[in-house]
Amino acid sequence: MEPITIQTASKTYPVFIGSGVINQLPSFIHEAFPTITNLMILTDETVANLYLSDMQEALNPFDCKSCIVPSGERAKTFDVYHQCLTFALENRLDRKSVVLAFGGGAVGDLGGFVAATFMRGIPFIQVPTTILAHDSAVGGKVAINHSLGKNMVGAFYQPEAVFYDLDFLPSLPMHEKRSGFAEVIKHGLIHDPSFYSWLLEHIDSLESLGADDLSHMLSKGIEIKGAFVSKDEREEGIRAFLNFGHTLGHAIEAEMGYGKWTHGEAVVIGMLFALELSRKKAGLTFDCEQFKNWLMKLGYETNMPKELVYNKLVERMKQDKKSVGQKVKFVLLKEIGSPVLYEISDEELMTELYKF
């Protein structure tokens, strides 16, 4: 398969998708970085146990240092970030070194932020191992979490390339498949009605995703993400539409405790809430019951966790990066493929949360 090209104001880079594409990594690195000194593989405990030996074998020609961090959102802390910088310094990384972020979205976020800030920025390559990372590995948003909000400490820093090897995906547990597929759904809803219809018609189970369907939906999702990023790299305009479902989703993640709910499972609740708001505020005509039934068939929870306190959710949402002056802004849909940004008052938000 021909690589997908992501073009932004600061950098243009390829996304390689397919089975066995990591075998193309050595030739890419030799060509892109002829004076490379060493390579830091940043991965997590889960991926290390499954695939690190395969990656090390593929990268045998290079001087590789492997830094292993906790799995999931536990990787995106100040302590782990500091440990990664210490590892890089102790292993003599320099400005001719390259970071390879090998894992899911959390590792990609952390690895990219380490690369962005080490010696004021060194190159990095994304090698995603989850469905969710089809979204986070593209676009250059890299960050770690703060106790008061997700991804609050970070940068816009584009990778040199993305190598998306589909051979890493079969080992994903079901909750991670659901987490990643939520972002695929999001891409269809905000940009492409025909793609959303294709998903409804073709995907009736996440347990047995065929290679062709998987490749098509991930390629399509990456192309859609690239279309937004190419026009608005630093989220000063339309790139904010990619946060559909995320305003409430991030608040749920934070209030539940990072890692208790996966990112995508929280975003599904956020999308359902945003769709209800879209019907009331933006005139959306949409069959929410059909959508909800499809989600339940795929194994998603469609109800808000009962232990959540709504005023705390509102406070979390007011800290969202789209909020200005403590005013909560939601990405809503006028119709499928036509997103808009709406400011919602605290009072209305509380009322709608109780109704929801």
(request) Could you list, in sequence order, all residues of the range 149-166 that are closer than 30 Å to LYS312 by Cβ and at pLDDT 95 or above? (result) VAL153, GLY154, ALA155, PHE156
(request) List every residue pair whose Cβ atoms lie under 8 Å apart, where the two residues are 6 or more positions apart in sequence or sit on different chains, the first residue falls within the range 106-127 and is polar (S, T, N, Q), and the second residue, located anywhere, is surrounded by fewer than 20 Cβ atoms within 10 Å (Cβ to Cβ) and part of a strand (DSSP E or B). (result) THR117/ALA155
(request) State the number of residues belonging to the range 161-192 that are β-branched (Val, Ile, Thr) and in the same structural domain as THR8 (by TED's automatic domain parsing). (result) 1
(request) Could you please find all residues in the range 100-126 being farther than 23 Å from TYR51 by Cα and either assigned to a loop (DSSP other than H, G, I, E, B) or among the acidic types (Asp, Glu) (or both)? (result) GLY121, ILE122
(request) Output yes when any residue across the range 204-213 is over 30 Å from TYR13 (Cα atoms), at pLDDT 90 or above and buried (at least 22 other Cβ atoms within 10 Å of the Cβ), and no when none is. (result) no
(request) Determine which member of the set THR12, THR77 is within 18 Å of VAL138 (Cα to Cα) and within 20 Å of the chain's Cα centre (by Cα). (result) THR12
(message) MET304 - would you say it is more than 30 Å from TYR13 (Cα to Cα), at pLDDT 95 or above and more than 15 Å from the chain's Cα centre (by Cα)?
(response) no
(request) Mind listing whichever residues of the range 6-36 are polar (S, T, N, Q), in contact (Cβ under 8 Å) with a residue 40 or more places away in the chain and more than 20 Å from LEU169 (Cβ to Cβ)? (result) GLN7, THR8, SER10, THR35
(request) Quick one: VAL153 ticks every box in (1) surrounded by fewer than 19 Cβ atoms within 10 Å (Cβ to Cβ); (2) within 22 Å of GLU265 (Cα to Cα); (3) in contact with a helix residue (DSSP H, G or I) (Cβ under 9 Å, 6 or more places away or on another chain) except a single one, so which number is it? (result) (2)
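The values are calculated or read from the model by the stated rules, or taken from the named source; none is laboratory data. Because the structure is a prediction, the values reported are computed rather than measured. Here Cβ is always computed from backbone atoms with ideal geometry, including for glycine, and neighbour counts include all displayed protein chains.
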